[in-house]
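Asks: First the structure, which I've put down as structure tokens, then a few questions once you've had a look.
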Amino acid sequence: MSTLTLQIKKEFLDKILSGEKTEEFREIRPKNSKKYIEYIQAENDEDVQPIQYKQIQFFNGYAKDRPEVMIDVKKSIIQIIEDENGEDIVYEEDGQEYVVAQMVYSLGKIISRKNI
């Protein structure tokens, strides 16, 4: 089963556990894109799609006894960020242009919890 592992602040971990936080957002940048998206060939062009994780393992901190929670992922989408005029926001990194985008994970049931 494919699992995405993410660090998360205690405040947001608590909101996930209480059911108040039902989505997790992660910015897609050139240095982390392989963790979130995969490139596919689409009619003479290259496109991207989200890597489909079945679950997310959230960790709070780096201690051996850190709180951790495994959550089912119901859905994952790539969200393109637009300006107030509905235009894609673009930035440049290392001489290349990229569209500002983020992953949106819809969180499902709690699979397991540890040190909570």
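Asks: Near Lys109, which lysines are there with a Cα under 17 Å away, not counting those fewer than 8 places off in the same chain?
Replies: Lys15, Lys21, Lys54, Lys74, Lys75
Asks: Taking the alpha-carbon centroid of each part, what is the distance from the range 1-25 to the range 75-104 in angstrom?
Replies: If you average the Cα positions of each part, the centres end up 23 Å apart.
Asks: Quick one: which residues, 5 or more positions from Ile28 or on another chain, have an amide H under 5 Å from its amide H? H modelled 1.01 Å from N in the peptide plane, none for Pro or chain starts.
Replies: Ala101, Gln102, Met103
Asks: With +1 assigned to the C-beta of every Lys and Arg and -1 to the C-beta of every Asp and Glu, and no other charges, what is the dipole magnitude of the chain about the Cα centre in debye, to the nearest 20? Don't skip to the end; give the middle numbers.
Replies: Numbers: 17 positive and 23 negative charges, 286 e Å.
It works out to roughly 1380 debye.
Asks: Please calculate how many Å² of accessible area the chain carries per residue, with a 1.4 Å probe and no DNA, RNA or ligand atoms counted.
Replies: Values: 7880 Å² over 116 residues.
Roughly 68 Å² per residue, with all protein chains present.
Asks: Helix-only estimate, please: 222 nm mean residue ellipticity of the chain, summing -39500 (n - 2.57) across DSSP H runs of length 4 or more and dividing by its residues, to the nearest 500. Can you show the working numbers first?
Replies: Numbers: 2 runs with 13 residues, N = 116.
One gets -2500 deg cm²/dmol as the mean residue ellipticity at 222 nm.
Asks: Also, I was wondering about something else. Give, to the nearest whole percent, the P(r) tail of the chain beyond 24 angstrom, counting all Cα pairs. Show your work: numbers first, answer last.
Replies: Values: 2338 of 6670 pairs.
Across the chain, Cα pairs with separations above 24 Å total 35 percent.
Asks: Continuing with the same structure: If Glu93, Glu38, Glu43, Glu82 are ordered by their accessible area, calculated over protein heavy atoms with a 1.4 Å probe, which sequence runs from highest to lowest? Could the numbers behind the result be given before it?
Replies: On the way: Glu93 35, Glu38 75, Glu43 175, Glu82 105 Å².
Result of the area sort, largest leading: Glu43, Glu82, Glu38, Glu93.
Asks: Which order do Lys34, Lys109 take when ranked by solvent-accessible area (1.4 Å probe, heavy atoms of all protein chains), largest first? Display every interim value, and only then the final one.
Replies: Working: Lys34 180, Lys109 140 Å².
Ranking Lys34, Lys109 by accessible area, largest first, yields Lys34, Lys109.
Asks: Could I ask something else about it? Ignoring any ligand, DNA or RNA, what whole percent of the accessible area of the chain comes from carbon and sulfur when the probe is 1.4 angstrom? Working shown, then result.
Replies: On the way: 3550 of 7880 Å².
Here it works out to 45 percent.
The values are calculated or read from the model by the stated rules, or taken from the named source; none is laboratory data. A quick note: this is a predicted structure, and the numbers were derived from the prediction, not measured. Please note: Cβ atoms are built from the backbone with ideal geometry, for glycine as well, and neighbour counts cover all protein chains shown. Heavy atoms of the whole protein, side chains included, go into the accessibility calculation; ligands, DNA and RNA do not. Shrake-Rupley method; radii C 1.70, N 1.55, O 1.52, S 1.80 Å.
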